[in-house]
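Working notes, structure below.
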Amino acid sequence: MKKLPLGIQNFPEIRRDNYVYIDKTSLALKMADSSKDYFLSRPRRFGKSLFLDTLKCLFEGRKELFKGLFVYDK
């Protein structure tokens with residue numbers, strides 16, 4: 001059984017240590033392709049920092065972290 005990533009905002013740590021991760025990389029790809037400005041406004045503890053860390057890893061080209069996720073072969 002996978003562990004829940006309570007309080008973990010580090011995408012590589014979540015992927016490396018086999019925590020539960022809901023794949024939102026299709027949204028990240030859609031945002032990156034649209035070339036618009038975005039304001040990420042969400043309530044506290046709603047995953048803003050984790051999503052930004054996911055975007056950072058995506059733009060850094062850390063392909064190994066995305067294996068098995070939507071964006072891996074895009």
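No lab work stands behind these numbers, since they all come straight from the coordinates. Source: prediction; values computed, not measured. Here Cβ is always computed from backbone atoms with ideal geometry, including for glycine, and neighbour counts include all displayed protein chains.
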_Residue list for the range 33-55, restricted to those being surrounded by 13 or more Cβ atoms within 10 Å (Cβ to Cβ) and in contact with a helix residue (DSSP H, G or I) (Cβ under 8 Å, 6 or more places away or on another chain)_ = L50, F51, D53, T54, L55
*Taking the condition among the hydrophobic types (A, V, I, L, M, F, W, C) and within 10 Å of the chain's Cα centre (by Cα), does L50 pass?*
yes
*Evaluate the range 60-70: report whether one residue or more is of a type in the set (F, W, Y), surrounded by 10 or more Cβ atoms within 10 Å (Cβ to Cβ) and either free of Cβ contacts under 8 Å to residues at least 60 places away in the same chain or touching a strand residue (DSSP E or B) at 6+ places or on another chain (Cβ under 6 Å) (or both).*
yes
*asked:* With the requirement that a residue be within 13 Å of L69 (Cα to Cα) and touching a residue at least 12 places away in the same chain (Cβ under 8 Å), what does the range 19-42 give you?
replied: V20, Y21, D23, K24, T25, S26, A28, L29
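What residue, among those in the range 16-32 that are hydrophobic (A, V, I, L, M, F, W, C) and within 22 Å of M1 (Cα to Cα), is surrounded by the fewest Cβ atoms within 10 Å (Cβ to Cβ)? Please lay out each step first, then the result.
Going residue by residue through the range 16-32, those that are hydrophobic (A, V, I, L, M, F, W, C) are 20, 22, 27-29, 31-32.
Subsequent filtering for residues that are within 22 Å of M1 (Cα to Cα) retains 20, 22.
Numbers: V20: 10, I22: 5.
The extreme case among them is I22.
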_Residues that are among the charged types (D, E, K, R) and within 19 Å of D17 (Cβ to Cβ), drawn from the range 27-74_ = D53, K56, R62, K63, E64, K67
